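The structure appears right after this line, and notes come after that.
Rule-based calculations on the coordinates, nothing more; no lab input. The shown structure was predicted, so the numbers you read here are calculated from the model rather than taken from an experiment. Counting neighbours? That spans all protein chains shown, and the Cβs are built from the backbone with ideal geometry, glycine included.
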């Protein structure tokens, strides 16, 4: 298991070219602040105008910039997109 410090990871994220208002940046901050599982897909809209917002790839890239490793899995019954789950494997001190 890889280890890193919170200060180093947050400094790498701040220096990166990732948009500070993006969902991937917010998910990377959640991982730095101690969340062990992140769900990068959510639904937006209502009624017949509902759609999935998928930020899986960009979140994985943002975590790699910080030096944080993760495992992509799916915990939905039939393997749907909203069941995507990123489990953080890097130990943060």
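For percent of Cα pairs over 23 Å apart, one of (i) 16; (ii) 25; (iii) 22 was computed from the structure I shared and the rest are decoys. Which label?
Computed from these coordinates, percent of Cα pairs over 23 Å apart corresponds to label (ii).
On a 0 to 90° scale, report how tilted helix 6-15 is relative to the longest principal axis of the chain, with both axes built from alpha carbons and the result rounded to the nearest 10.
70
Using alpha carbons only, how many degrees (0 to 90, rounded to 10) separate the axis of helix 23-32 from the longest principal axis of the chain?
Rounded to the nearest ten degrees, it is 50.
According to a simple spin-label model (label point 7 Å from Cα along Cα-to-Cβ), what is the distance in nm between residue 53 and residue 39?
Distance between label points: 1.4 nm.
Mind sorting 43, 90 by how few other Cβ atoms lie within 10 Å of their own Cβ, fewest first?
Least to most surrounded, the residues fall as 43, 90.
May I ask you to compute the full-extension gain from residue 29 to residue 69, defined as 0.36 nm times their residue separation minus their alpha-carbon distance, rounded to one decimal in nm?
Contour length minus Cα-Cα distance gives 13.0 nm.
Run the numbers on the chain and let me know its relative contact order in percent, using alpha-carbon pairs under 8 Å that are six or more apart.
So the answer I get is 37 percent.
Nearest 10 degrees, 0 to 90: what angle lies between the long axis of helix 56-66 and the longest principal axis of the chain (Cα atoms)?
Roughly 10 degrees, rounded to the nearest 10.
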